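The values are calculated or read from the model by the stated rules, or taken from the named source; none is laboratory data. Because the structure is a prediction, the values reported are computed rather than measured. Counting neighbours? That spans all protein chains shown, and the Cβs are built from the backbone with ideal geometry, glycine included. Note: accessible area is taken over every heavy atom of the protein model, side chains too, but ligands, DNA and RNA are not part of it. Shrake-Rupley method; radii C 1.70, N 1.55, O 1.52, S 1.80 Å.
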Amino acid sequence: MASTTDLAVGIDIGGTGIKGGIVDLERGELISSRVKVATPAGAKPDDVLGAVREVLDTLQVADSDLPLGVAFPAIVKNGHTFSAANVSKEWIDFPAEEFFEKGLKRDIHFANDADVAGIAEVRYGAAKGADGLVILTTLGTGIGSAMIYHGDLVPNSELGHLQRAGHDKDAEAYAAYSAMERDELSWEQWATRLQWYYSHVEFLFSPDLFVVGGGVSKHADKFLHLLELTTPIVPAVHRNNAGIIGAAALSRGASAQSLS
Ligand code: BGC
């Protein structure tokens with residue numbers, strides 16, 4: 001059993017679910033069950049706060065001294081959220097970190113969800129020891145991205161919102177896992193959309209490694225082999241737990257510089 005100095009709580013707020021767990025930061029693994037509640041309809045701040053409380057209560061850590069990291073699906077700078085693709089527009093230009101700290105009556109560490117998933121995969125997963133530029137994408141309700149160059153995170157890359165020339169919908173509306181479900185696509189049909197997406201990102205950034213996270217990464221064998229890319233593309237080792245693990249790691253000071 002890890003000592004409590006190696007433990008932290010991670011909460012990963014998504015457009016569809018809010019997930020949490022207690023993480024052993026030495027090993028980068030959950031030592032509790034993974035608790036998940038549905039993201040409240042409309043995802044307004046008070047409702048999301050209530051759902052986060054529910055997750056912490058279920059984990060029995062609402063009053064614990066363990067550090068708490070919270071990941072959120074928006075641009076995050078200086079504790080403020082600046083975008084809202086799959087949550088209420090009330091989060092735009094909103095002092096989210098302070099809001100959670102007041103509501104939970106405790107300090108938290110707050111960052112973008114895909115960025116912390118990237119932190120988790122570089123520290124403990126598919127991108128550990130990787131050289132050059134790693135781009136992690138999460139395929140879920142939206143598409144999140146983390147760009148990590150030689151261990152340094154370039155935060156808030158937002159590559160899910162690349163525009164498709166001649167189309168109204170951006171990349172995530174076209175190619176996220178939610179688009180596959182919405183349009184009832186087969187794996188092959190979805191892979192055609194992913195092919196456009198990853199080829200485009202590959203052309204723009206010439207990465208050395210793609211890591212694919214999000215819940216659907218557990219089915220990576222159904223679609224990754226259909227993609228033709230020069231860049232190696234692998235599933236996230238921590239699958240849909242990367243956000244929880246990365247949020248927890250952030251709360252113990254995992255910064256861009258401490259990744260490699
Ligand atoms: C948001 C990103 C987020 C991603 C995955 C996008 O719609 O703009 O900030 O990382 O969804 O949740």
Find the centroid of the Cα atoms in region 194-225 and in region 71-128, then give the distance between the two in whole Å. 23 Å
On C-alpha positions alone, give me the angle between the axis of helix 45-59 and the longest principal axis of the chain, in degrees, nearest 10. 70 degrees
Per the Kirkwood formula on distinct C-alpha pairs, the Rh of the chain is how many angstrom? 18.1 Å
Sites Arg53 and His225, calculated FRET efficiency, Cβ-Cβ separation with R0 45 Å, nearest 0.05: 0.60
If I fit a long axis through the Cα atoms of helix 187-205 and take the longest principal axis of the Cα atoms of the chain, what angle between them do I get, 0 to 90°, rounded to 10? 80 degrees
Beta bridge orientation in the chain: antiparallel %, DSSP, nearest 5: 65 percent
Please list the radius of gyration and Dmax for region 129-237, considering alpha-carbon atoms only, with Å as the unit. 13.0, 39
Between Gly213 and residues 5 or more places away or on another chain, the pairs with built amide H atoms under 5 Å apart involve Thr137, Thr138, Leu139, Ala236
Dipole moment magnitude, nearest 20 debye, the chain about Cα centre, only Lys, Arg, Asp, Glu C-beta charged: 240 debye
Globularity ratio of region 153-213, using Cα Rg and 2.2 N^0.38 Å: 1.15
Each residue of region 215-226 in turn: what ³J(HN,Hα) in whole Hz from Karplus with 6.51, -1.76, 1.60 and θ = phi - 60°, glycine and Pro shown as x? x, 6, 5, 5, 9, 3, 5, 7, 9, 5, 5, 7
How far is helix 242-251 tilted, in degrees, relative to the longest principal axis of the Cα atoms in the chain, given as a value from 0 to 90 rounded to the nearest 10? 50 degrees
Among beta bridges that DSSP assigns inside region 129-237, antiparallel share in %, nearest 5: 60 percent
Rounded to the nearest 20 debye, what is the charge dipole size of region 78-143 about its Cα centre when +1 sits on each Lys and Arg Cβ and -1 on each Asp and Glu Cβ? 180 debye
Explain nothing, just the number: relative contact order of region 82-235, from Cα pairs under 8 Å at least 6 residues apart, as a whole percent. 20 percent
Contour excess over end-to-end distance, with Cα ends at Trp187 and Glu202 and 0.36 nm allotted per residue: 3.3 nm
Hey, can you rank 15-22, 28-35, 124-131 by average C-beta count inside 10 Å, highest first? 15-22, 124-131, 28-35
Compute the FRET efficiency between Asp107 and Lys44 as 1/(1 + (r/R0)^6), taking r as their Cβ-Cβ distance and R0 = 25 Å, and round to the nearest 0.05. 0.60
So, taking all protein chains as they sit and a 1.4 Å probe, how much accessible area belongs to Leu59, in Å² rounded to tens? 20 Å²
Just subtract the alpha-carbon distance of Thr4 and Lys89 from 0.36 nm times their residue separation and send over the number in nm, one decimal. 26.8 nm
Rounded to the nearest 20 debye, dipole of region 177-246 from Cβ charges on Lys, Arg, Asp, Glu: 220 debye
